[in-house]
């Protein structure tokens, strides 16, 4: 039996990158997985047993509420929620150049999206015998990197939410933890300049980028029974970048 056999999971932003790696690993470990994504793609693009694919905009409250209601029609409970969906700006505006629109576009997905998805799915998580919430922050919430005001603020906010929710939901048997990735080879990070990439890797103790699969394995640990007494934690998967 897999470590998530018989359990249900929602992975936001699960159609590509780290989210895709998480969804594939959870499927391999026996979970019934639903992927929420702006561009969920087609089931035939998945090897083996595909997840349920739904188009959901985590920044749009109505979209999230409707998707949560659909899930409630086919599932008695939700065991695992992975709030992975995230965006960053293609350019890296400094404080002087950051526009209000750019600020909102990042905060709406990374921070408000995490809040909205969790609130909408909380009734289903309450029905689980051992609910798990896995949020996503970033090492950029801890390191001052030029041009990352919006992204750093949003991911620092997720760290704060994780600690508060761990306190609030612990009495209901739900654990809430946060993964803090460093520089990971993903589609989103391909926009990072070679200079910035070099700087990040030079400060990474292992002197290499991480893979989406390595982050997914950390999520599996937090979602499984192996982490039954872990809550309010920030698990760094950054190769020593934050050391």
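Scanning the stretch 1-46 for residues that are crowded, with 22+ Cβ neighbours inside 10 Å and on the phi > 0 side of the Ramachandran plot yields one hit, 13. Contact map, the stretch 101-120: first residue on the phi < 0 side of the Ramachandran plot and touching a residue at least 24 places away in the same chain (Cβ under 8 Å), second residue surrounded by fewer than 17 Cβ atoms within 10 Å (Cβ to Cβ) and in a helix (DSSP H, G or I), Cβ cut-off under 6 Å, separation 6 or more or different chains; pairs are 116/61; 120/65.
Quick grid of which residues meet (1) over 21 Å from residue 229 (Cα atoms); (2) outside any helix (DSSP H, G or I); (3) over 16 Å from the mean Cα position of the chain (by Cα); (4) modelled with pLDDT under 95:
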| position | (1), (2), (3), (4) |
| --- | --- |
| 117 | yes, no, no, no |
| 125 | no, no, yes, no |
| 144 | yes, yes, yes, yes |
| 158 | no, no, no, no |
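Checked against (1) modelled with pLDDT of 95 or more; (2) on the phi > 0 side of the Ramachandran plot, residue 57 passes all but condition (2).
With the condition kept exactly as written, say whether any residue in the stretch 151-168 is under 22 Å from residue 241 (Cα atoms), out of contact with any strand residue (DSSP E or B) (no Cβ under 7 Å at 6 or more places or on another chain), crowded, with 23+ Cβ neighbours inside 10 Å and touching a residue at least 24 places away in the same chain (Cβ under 8 Å). Yes.
If you take the residues in the stretch 213-231 that are touching a strand residue (DSSP E or B) at 6+ places or on another chain (Cβ under 7 Å) and assigned to a helix (DSSP H, G or I), which one is surrounded by the fewest Cβ atoms within 10 Å (Cβ to Cβ)?
Taking the stretch 213-231 first, the residues touching a strand residue (DSSP E or B) at 6+ places or on another chain (Cβ under 7 Å) are 214-215, 218-219, 222-223, 227, 230-231.
Next cut, assigned to a helix (DSSP H, G or I) only: 214-215, 218-219, 222-223, 227.
On the way: 214: 16, 215: 27, 218: 20, 219: 27, 222: 23, 223: 28, 227: 18.
Top of the filtered list is 214.
For the stretch 1-22, what are the residues that are closer than 18 Å to residue 57 by Cα and not in a loop (DSSP other than H, G, I, E, B)?
9, 10, 11, 12, 17, 18, 19, 20
Can you give me the number of residues within the stretch 36-76 that are assigned to a helix (DSSP H, G or I) and under 20 Å from residue 118 (Cα atoms)?
Step one: of the stretch 36-76, the residues assigned to a helix (DSSP H, G or I) are 43-45, 61-74.
When the remaining residues are screened for being under 20 Å from residue 118 (Cα atoms), the result is 61-74.
So the answer is 14.
Taken over the stretch 175-219, the residue count meeting the criterion of being modelled with pLDDT of 95 or more, over 21 Å from residue 240 (Cβ atoms) and in contact with a helix residue (DSSP H, G or I) (Cβ under 6 Å, 6 or more places away or on another chain) is 1. Any idea how many residues of the stretch 146-156 are more than 12 Å from residue 87 (Cα to Cα) and modelled with pLDDT of 95 or more? Of the residues in that region, 3 qualify.
The values are calculated or read from the model by the stated rules, or taken from the named source; none is laboratory data. This one's a predicted model, so the numbers in the text were calculated from it and none came from an experiment. Quick reminder, even Gly has a Cβ in these numbers, built from the backbone with ideal geometry, and neighbours come from all protein chains shown.
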